[in-house]
Structure formats: C-alpha cells, structure tokens
Amino acid sequence: MEAAYETLQDAAGLTQLSAIVEDVFASGDLPRAAETLANMRHCLSAVGEVAEFANVRKQLEVLEDRLEGMVQPRLYDALSNCKVDAVQDIWKILIQIGRFKSLELHYTKVHLKPIKQLWEEFDSRQRANKPASEKHDGERLSTITSSSSSLPTLSFSSWLPSFYDEVLLYLEQEWKWCMIGFPDDYSTLVPKLLIETMTRLSASFVSRINLATGDVVPETRTLAKGILDILSGDIPKGTKIQTRHLEALIELHNMTGAFARNIQHLFSESDLQVLLDTLKAVYSPYASYKQRYGRMEHAILSAEIAAIDLRGAVARGVGAQGIELSETVRRMEESIPQVIVLLEAAVERCISFTGGSEVDELILALDDVMLQ
C-alpha cells in the first residue's frame with residue numbers, strides 16, 4: 001500500500017516537473033535545470049514503463065541532450081583556461097544527468113591538441129631540413145646555399161626521448177590539476193587522455209618507427225624504406241633485413257619502455273585495468289612489428305648462418321673427396337661456438353623486444369633455419 005502511494009506521488013511529481021521544466025530552462029539556471037531533469041529521471045524509474053509517460057521519457061532524453069549542448073561551450077572554456085570552480089560546477093551538472101562521458105570526451109579533446117602539436121614538430125623539423133630546391137618547384141639554388149639553409153638532420157631515434165619527456169611533464173601537470181579539478185575522476189581521466197593520444201598517433205608512430213629502422217642501413221635509408229617494407233616486398237629484390245634493422249627497432253622499443261615505466265609510476269593510483277590498458281596503448285605502435293618478429297629473426301639468422309663457411313676448401317684430386325669431407329667436418333665443429341653466439345644473440349633480442357612473448361616464433365625460426 002505504501003509503495004503504491006509513493007508511486008502515485010512520483011507520478012504526480014513527474015507531471016508537475018514536466019510542466020515547469022521549460023520555464024526552468026528559460027531562466028538560464030543550469031544547475032537547477034540539471035536537478036529538475038535528475039528528479040524527472042528518478043520519477044520515471046519509479047513509475048516504470050507506463051504508457052502514459054512514454055512521451056515524457058522521450059522529452060527527458062531531448063532535454064538532457066539540450067542541457068548537455070548548453071554546457072559544452074562553458075566546459076570547453078573552463079578546461080582550456082583551467083578554471084577549477086567552473087569545471088566542478090559543470091561536472092556536477094553532467095553527473096546529475098548521467099553525461100559524464102561528455103566531460104571525458106571534452107577533456108580529451110582539449111588536452112590532446114598540445115600533445116599532437118608536440119608530435120607534429122618532428123615533421124615540421126624534417127620539412128625545414130629539406131633543401132630549398134625541394135620546397136619551391138622550378139627554383140634551383142646552389143649546393144652551398146641549399147646546405148646553409150638546412151638545419152642539421154634530426155633522426156627519429158634522437159628526437160623520441162625528448163618527445164616522451166615533454167609528454168610526461170605535461171601528464172604530470174594534468175594529473176596534479178585534475179586531482180583538484182576532478183578529485184573523483186583524475187585517475188581515469190588522465191590515463192584516458194594518453195590512451196586516446198596513442199590511438200590517434202598510432203598510424204603515424206608505426207610509420208616513423210619503420211623509417212627509423214631503415215635509416216641505420218645505407219641501402220634502405222637511400223630508398224626511404226624500413227623493416228615493414230622489406231617484409232611486405234615493397235622494396236627492390238635482394239634487399240634483406242639485417243641485424244642493424246632489428247637492433248634499431250629494439251632501441252626505439254627500449255625508449256618506449258623507459259617512458260612506460262614512468263607512466264606506470266605516475267598512474268600508480270589508477271585501477272589495475274586502467275593501468276594495463278594505458279600501458280598497452282603506449283606499446284601499441286610496436287604490435288605490428290611483434291607480430292612479424294619470427295619472420296625478422298628467420299631472415300637474420302638465415303643470413304648469419306649462411307655466412308659461416310662449412311665447405312671443404314681442398315681442390316679435388318686423388319683422394320681429395322675424403323680430405324674435403326674431413327675439412328668440412330672440422331669446419332662444422334669449429335662453427336658450433338659461432339652458431340651458439342648467434343643463437344644467444346637471437347634469444348637476447350627476443351627477450352628485449354617481446355619480453356619472451358614471441359619465443360614460440362623464435363623457436364620455429366630456429367628450427368627452420370637449422371634444418372636448411
């Protein structure tokens with residue numbers, strides 16, 4: 001009986017709120033509008049799926065969208081100018097109408113831009129390094145003029161640590177600010193920003209890594225190609241993956257690893273799953289390379305072991321076949337330590353680059369190479 005009475009009260013309250021809600025919006029009092037909509041939502045949940053209030057339910061969704069749209073410009077301004085009080089007021093409004101996702105999206109949108117600009121600085125620097133003759137069609141300058149107008153070439157591997165340092169500093173500042181501005185949500189908002197950043201930069205990051213691996217070998221540097229191009233066959237026939245290619249990839253991965261450890265420390269208060277998702281995003285540019293790790297090692301080990309001369313060196317003559325076989329056996333025995341060194345290096349690369357996750361691929365590559 002009491003429950004039925006409360007339901008009737010909620011129904012009456014819903015009718016009353018529905019009648020005054022437009023006046024509340026017209027007053028411009030956004031906190032009151034949010035409170036009114038929250039009360040309407042509460043009343044609707046109490047009365048359940050009643051056909052009489054179907055239109056009110058639709059009206060409520062429209063009004064929530066409308067209020068969200070009204071606060072968005074204020075939210076953007078408050079986030080852009082670090083207005084703590086204004087941000088908290090808007091946060092309360094969005095929470096009341098169940099639109100926290102809007103806050104999350106706007107926070108990411110505002111703070112993604114500076115990080116993206118940091119990332120694009122590398123391309124700007126590379127364009128500035130190009131000779132003026134490449135920038136202006138038909139305009140040719142002397143070699144001396146072109147050289148003097150170019151800045152020193154900056155490799156991606158030299159630039160990446162400074163990028164990570166600046167991003168880390170930016171995230172540290174955001175973490176501190178969000179602890180004040182969003183005391184209940186800072187441990188998810190800032191990691192979400194980094195996850196979204198890595199998602200946006202992923203394709204470009206993969207491409208830069210690829211070119212950086214090619215820069216360490218003159219042949220691939222001249223062609224502006226890298227490991228992925230060699231594996232896909234998008235490169236002149238005969239070009240093979242060399243140890244230096246993979247070592248360059250591992251060096252970049254180690255730089256990312258140092259950044260990931262700093263991020264793990266910074267986000268230590270976040271939930272474990274949030275932290276795992278963030279670290280996965282940080283390492284995501286290397287996923288396509290790890291998927292191809294077995295093929296890389298296969299190519300490298302095949303070339304290295306093939307370079308070991310196991311053939312007998314004695315010219316054929318009377319009894320030469322037996323002597324040649326003996327020489328071959330001797331060379332095979334002497335080659336064992338060399339092969340072991342090569343295999344140990346491959347294991348070290350596997351652990352360094354994949355943490356051992358691709359050890360099965362390495363074993364398959366070793367089996368195939370040794371049986372050749």
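Quick check on residue 270: is it of a type in the set (S, T, N, Q) and either in contact with a His (Cβ under 7 Å, 6 or more places away or on another chain) or without any contact (Cβ under 8 Å) to a residue 12 or more places away in the chain (or both)?
In short, no.
For residue 207, indicate whether it is in the same structural domain as residue 103 (by TED's automatic domain parsing), under 18 Å from residue 224 (Cβ atoms), small (Gly, Ala, Ser) and without any contact (Cβ under 8 Å) to a residue 40 or more places away in the chain.
So residue 207 passes the test.
Just need a number here: residues in the stretch 208-247 that are in a helix (DSSP H, G or I), of a type in the set (A, V, I, L, M), over 21 Å from the mean Cα position of the chain (by Cα) and surrounded by fewer than 20 Cβ atoms within 10 Å (Cβ to Cβ).
Just the residues of the stretch 208-247 that are in a helix (DSSP H, G or I), to begin with: 208-215, 218-223, 227-232, 243-247.
Of the ones still in play, those that are also of a type in the set (A, V, I, L, M) are 209, 211-212, 223, 227-228, 230-231, 246.
From what's left, over 21 Å from the mean Cα position of the chain (by Cα): 223, 230-231.
Now drop any that are not surrounded by fewer than 20 Cβ atoms within 10 Å (Cβ to Cβ), which leaves 223, 231.
The number of residues fulfilling the criteria is 2.
For every residue, the table says whether it meets (1) touching a residue at least 40 places away in the same chain (Cβ under 8 Å); (2) in contact with a strand residue (DSSP E or B) (Cβ under 8 Å, 6 or more places away or on another chain); (3) not β-branched (Val, Ile, Thr); (4) not assigned by TED's automatic domain parsing to the domain that holds residue 124.
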| residue | (1), (2), (3), (4) |
| --- | --- |
| 184 | no, no, yes, no |
| 188 | yes, no, no, no |
| 213 | no, no, no, no |
| 233 | no, no, yes, no |
| 239 | no, no, no, no |
| 251 | yes, no, yes, no |
| 254 | yes, no, yes, no |
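Taking the condition of being touching an Asp or Glu at 6+ places or on another chain (Cβ under 7 Å) and either within 18 Å of residue 78 (Cα to Cα) or of a type in the set (Ser, Thr, Tyr) (or both), how many residues in the stretch 165-192 meet it?
Residues flagged as touching an Asp or Glu at 6+ places or on another chain (Cβ under 7 Å) and either within 18 Å of residue 78 (Cα to Cα) or of a type in the set (Ser, Thr, Tyr) (or both) within the stretch 165-192 amount to 3.
Kindly indicate the residue of the stretch 275-291 that is of a type in the set (A, V, I, L, M) and under 11 Å from residue 260 (Cα atoms) and also surrounded by the fewest Cβ atoms within 10 Å (Cβ to Cβ) among those meeting that condition.
Out of the qualifying residues, it is 276.
What's the total number of residues in the stretch 76-93 that are within 13 Å of residue 36 (Cα to Cα) and without any contact (Cβ under 8 Å) to a residue 60 or more places away in the chain?
0
Tally time: how many residues in the stretch 18-45 are buried (at least 16 other Cβ atoms within 10 Å of the Cβ) and modelled with pLDDT under 70?
1
The values are calculated or read from the model by the stated rules, or taken from the named source; none is laboratory data. Everything numeric in this text was worked out from a predicted model, so none of it was measured. Because the Cβ atoms are built from the backbone with ideal geometry, glycine has one as well, and the counts that use them run over all protein chains shown.
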